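Have a look at the structure below before the remarks.
The values are calculated or read from the model by the stated rules, or taken from the named source; none is laboratory data. None of these values were measured; they are calculated from a predicted model. For neighbour counting, all protein chains shown are included, and Cβ atoms are generated from backbone atoms with ideal geometry for every residue, glycine included. Side chains included, ligands, DNA and RNA excluded: accessible areas come from the protein's heavy atoms. Shrake-Rupley method; radii C 1.70, N 1.55, O 1.52, S 1.80 Å.
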Amino acid sequence: MDDEFEDRILYQTYVSHMKLVSKFAVGIPTGLNAGINTPLGYFWRIMRAYALKPEVLICGVVLAIILFYIQAVDVWSRSLLGRIQYTLGRTTSRISKLQFLVNDSVNNGVKLSWELKQGYIAAYAVQGHRAHMEDRFVVKEDMNNTGVSLFAVFDGHGGDFAANYAYDNLIPNINKKVIELKDMIAGREPRTSEDIINCEEEQKDETSDTAIPERKKSFRKTLSTSLTDEFMKKSVGVTDPELLDKLDSLQRPITREIRPCRTTKKPPKVDITNYLDGNKINYGRLLTDEVLEVDRLLVKAAKKNMDVAGTTALIALLEDNKLIVANVGDSRGVMCDGKGNAIPLSFDHKPQQERERKRISKAGGLVTFNGVWRVAGILATSRALGDYPLKDKKLVIADPDILTFDLSDHNPMFIVLASDGLWDTFTNEEAVAFIKERINEPHFGAKSITLQSYYRGSADNITVVVINLRNRKYGTSEAKKNE
């Protein structure tokens, strides 16, 4: 009797189990003809029961939107990616590398950081996470006793050929033109090139005693810049990994599509008096013409060398109370006024901007998203010197934006000029606030903010020039003459 009772219990349990299994498989769609008891059928049933619920679907969509937004942000694609690559690819920790940059600027014969302190100007630059240093900066205080000071930042990409070319040619050309124009205004005989060179050497000798003791001989020899070490002059070819990947993916490498032009036509000689408005120099017109002329020569030289490198150009001229800023690309200048506000001195040239996108589209090009918005999927800035494959197709231009400021209207504390390695991790307001708190440091905060940007994960070369104007008195040249 007991055995019969146990058999009934087992039988009822089996029947109940089979009914449950059958009920579980009923909801399988008819499209799955393999049978309701197949593994695929059971999987579909589980998906319907757990994964395809409204709350799960809504959370999944929200999470996907958040991830897509984060990926679209420049900081994600550049800063965070740089941190990951740095963490996985290096044996030293971020903290130890940062300490290394502060205490020792040379590693196995390769310079990792550059610095300059000259009067009211300071500059600091680090190679950062990049394989090569492609930034250059220039500081020329009171060029050849003309009363005009020049500051510049060049951020090279695809190699250092273009940045070196701009440094070696654009700055001397501007310097020479300013001297000639000043001589014309003063009624003096124009100085020869030899006179200009001798005058520059005298200036260097006068200021060499104030040079940083740690600075190398090559740095001391060219006080106007701290990025002229001999190894920097050797071309290292194309080094930007994103550009290399893009070039490799093309069916026909763009480095071979455009052969060097054979034209021998020389441009007409410019009448230097065109840069004079009465007894004043039209610096905006001068800077525009010089930038475009150097870009023309750079493209010509790049074609001969089959070098696709390019560079941004941020140039500031300071004379009395007048500040003129010329910008090509995405290096940026910011001024801190007397109230502590951040005043933009330039605006980045980015492909996604409406005017730039329209210009590129009119030239037959496209702006695509590849980590960041890029011209033809290659270049993250829409204006640059060099980049001849894109320049010949007019997708990238070198026309500078010129902004002029009357400093007596702003009573500025300081000016910051920096490559985009800094602006990847700092906004204008954050940079101004950071430097304002450290303006009394030996490098006026330039060194601190550069290293802080590196610590925040900037994946690019970082160059910062700070011009301390707190104690500067503004007046006209005539007033100074009367004094």
- Message: If I stretch the segment between ALA49 and THR273 completely, what's the gain in nm (0.36 nm per residue apart, minus their alpha carbon distance), one decimal?
- Response: 72.4 nm
- Label point distance in nm, ARG472-TYR42, each placed 7 Å from Cα along Cα→Cβ: 7.8
- Query: Which FRET efficiency value, to the nearest 0.05, is calculated for LEU67 and LEU10 with the Förster distance at 41 angstrom and r the Cβ-Cβ distance?
  - Reply: 0.20
- Message: Modelling each spin label as a point 7 Å along the Cα-to-Cβ direction, I'd like the LEU366/GLN353 distance in nm, to one decimal.
- Response: 2.4
- Roughly how many Å is it from the Cα centre of the range 276-310 to that of the range 128-155, as a whole number? 16
- Rank these residues by their accessible area, most exposed first, probe 1.4 Å: MET47, MET335. MET47, MET335
- How big is the accessible area of THR38 in square angstrom, nearest 10, if you roll a 1.4 angstrom probe over the protein chains? 30
- Inter-probe distance in nm under a simple model that places probes 7 Å from Cα toward Cβ, at ARG188 and ILE58: 7.8
- Message: Once ligands and nucleic acids are excluded and a 1.4 Å probe is used, how much of TYR42 is accessible, expressed in Å² to the nearest 10?
- Response: 70
- Net charge near GLN452 (other residues with Cβ under 11 Å of its Cβ; Lys, Arg +1; Asp, Glu -1) is +2
- Message: Cβ neighbours within 10 Å, averaged per peptide: list 148-160, 123-135, 336-348, 393-405 in order, most packed at the top.
- Response: 148-160, 123-135, 393-405, 336-348
- In bins 10 Å wide, starting from 0, what share of all Cα pairs of the range 372-453 does each bin hold, as a percent? 14, 32, 29, 20, 4
- Message: Restricting to DSSP loop positions (anything but H, G, I, E, B) with no more than 12 other Cβ atoms inside 10 Å of their own Cβ, which GluC sites (Glu not before Pro) remain in the range 390-477?
- Response: GLU437
- Which value, in Å² rounded to 10, gives the accessible area of TYR167 with a 1.4 Å probe and all protein chains present? 30
